[in-house]
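Enquirer: Please find one structure pasted underneath; my questions will follow.
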Amino acid sequence: MSHQLTEQVKLLQKAVIMADGELLILKRSPHAHTRPAQWDLPGGNCEWPQSNTDVANPNLPELLREIQEETGIVVEANSLSAVPLHVSTYFEADKQVYTIIVGWKIFLPAQSPVVISEEHTEFAWIKLDQFDRYDFGFAGKSNGFIRKMVSQK
C-alpha cells in the first residue's frame, strides 16, 4: 500500500513551479506505471502521516519532499500559496481507488538548477504558451488536471 493514504484512497499533489515567467516540467521515465515517457509536473502521491500527534496540513511536507527528490530544488513551506490552485477527484473503477488531486503554485525568485531523479529523463523550463508542444497525455488535454493547474492564474 505504499504511496497511498489507504488501500482505496490516494492523495496526488502536483506543483506548478514558476520562475522568470517559465514553468518547470519533467519527462516521466519510459518505465513509469502511468503516462510513461510523457511530461509532468513535480509532485507525487502522499503516504499516511507517521505521527503520534495531531498535525495540520501533513501533506505539505510530503509535497516539498517530492519536489526536492524529483528536482533537487528546496522549497520553503511559506512559498506555497495559501489556497490550493486546483482540486479534483478521479475514480479508477477497476482498482476501486479514489484519487484526490491537489495542485499548488510555487513562485521561485529565479530558475534554480535542476537535478532530476531516476523517475524522470528530462526537464525543461517553458513559457506557458509552449505547453501544447509537450505531450502530457490525458493530464494535458482540455479537461486534464495538469492543463487545469497550469491554466489557473
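Enquirer: Name the one entry in TRP104, TRP125 that is touching a His at 6+ places or on another chain (Cβ under 9 Å), within 16 Å of GLU22 (Cα to Cα), of a type outside the set (Ser, Thr, Tyr) and surrounded by 12 or more Cβ atoms within 10 Å (Cβ to Cβ).
Expert: On the way: TRP125 fails: touching a His at 6+ places or on another chain (Cβ under 9 Å).
Answer to the check: TRP104.
Enquirer: Given the condition at pLDDT 90 or above, part of a loop (DSSP other than H, G, I, E, B) and touching a Leu at 6+ places or on another chain (Cβ under 7 Å), answer yes or no: does some residue in the stretch 42-60 qualify?
Expert: For the stretch 42-60, residues at pLDDT 90 or above, part of a loop (DSSP other than H, G, I, E, B) and touching a Leu at 6+ places or on another chain (Cβ under 7 Å): present.
Enquirer: Quick test for you: out of GLU122, GLU118, pick the one residue that is within 24 Å of GLN4 (Cβ to Cβ), touching a residue at least 60 places away in the same chain (Cβ under 8 Å) and of a type in the set (D, E, K, R).
Expert: Values: GLU122 fails: within 24 Å of GLN4 (Cβ to Cβ).
That would be GLU118, the only listed residue that is within 24 Å of GLN4 (Cβ to Cβ), touching a residue at least 60 places away in the same chain (Cβ under 8 Å) and of a type in the set (D, E, K, R).
Enquirer: Could you say whether any residue in the stretch 67-87 is part of a strand (DSSP E or B), within 15 Å of VAL150 (Cβ to Cβ) and either in contact with a Ser or Thr (Cβ under 8 Å, 6 or more places away or on another chain) or open to solvent by less than 90 Å² (accessible area, probe 1.4 Å) (or both)?
Expert: There is at least one residue in the stretch 67-87 that is part of a strand (DSSP E or B), within 15 Å of VAL150 (Cβ to Cβ) and either in contact with a Ser or Thr (Cβ under 8 Å, 6 or more places away or on another chain) or open to solvent by less than 90 Å² (accessible area, probe 1.4 Å) (or both).
Enquirer: Continuing with this model, one more query. Looking only at the stretch 128-147, how many residues end up being touching a residue at least 40 places away in the same chain (Cβ under 8 Å), under 16 Å from ARG35 (Cα atoms) and open to solvent by 50 Å² or more (accessible area, probe 1.4 Å)? Give the derivation first.
Expert: Pass one, the stretch 128-147, residues touching a residue at least 40 places away in the same chain (Cβ under 8 Å): 128, 131, 134-140, 145-146.
Still in the list and also under 16 Å from ARG35 (Cα atoms): 134-140, 145-146.
When the remaining residues are screened for being open to solvent by 50 Å² or more (accessible area, probe 1.4 Å), the result is 134-135, 138.
Going through the stretch 128-147 one residue at a time, the tally reaches 3.
Enquirer: I'd like to verify a number: residues in the stretch 9-53 that are exposed (fewer than 14 other Cβ atoms within 10 Å of the Cβ), of a type outside the set (Val, Ile, Thr) and in contact (Cβ under 8 Å) with a residue 24 or more places away in the chain, how many?
Expert: Narrowing the stretch 9-53 to residues exposed (fewer than 14 other Cβ atoms within 10 Å of the Cβ): 9, 20-21, 30-31, 33-34, 36, 48, 50-53.
With the extra rule that they be of a type outside the set (Val, Ile, Thr), the set shrinks to 20-21, 30-31, 33, 36, 48, 50-52.
Still in the running and in contact (Cβ under 8 Å) with a residue 24 or more places away in the chain: 20-21, 30, 48.
So the answer is 4.
Enquirer: Report the residue count in the stretch 99-149 for those that are within 24 Å of PRO30 (Cβ to Cβ) and in a helix (DSSP H, G or I). Can you show your working first?
Expert: Taking the stretch 99-149 as the starting set, the residues that turn out to be within 24 Å of PRO30 (Cβ to Cβ) are 99, 101, 114-126, 130-141, 144-147, 149.
From what's left, in a helix (DSSP H, G or I): 130-133, 137-140, 145-147, 149.
Qualifying residue count for the region: 12.
The values are calculated or read from the model by the stated rules, or taken from the named source; none is laboratory data. Being a predicted model, the structure only gives us computed values, none of them experimental. So basically every Cβ, Gly included, is an ideal-geometry build from the backbone, and we count neighbours across all protein chains shown. Note: accessible area is taken over every heavy atom of the protein model, side chains too, but ligands, DNA and RNA are not part of it. Shrake-Rupley method; radii C 1.70, N 1.55, O 1.52, S 1.80 Å.
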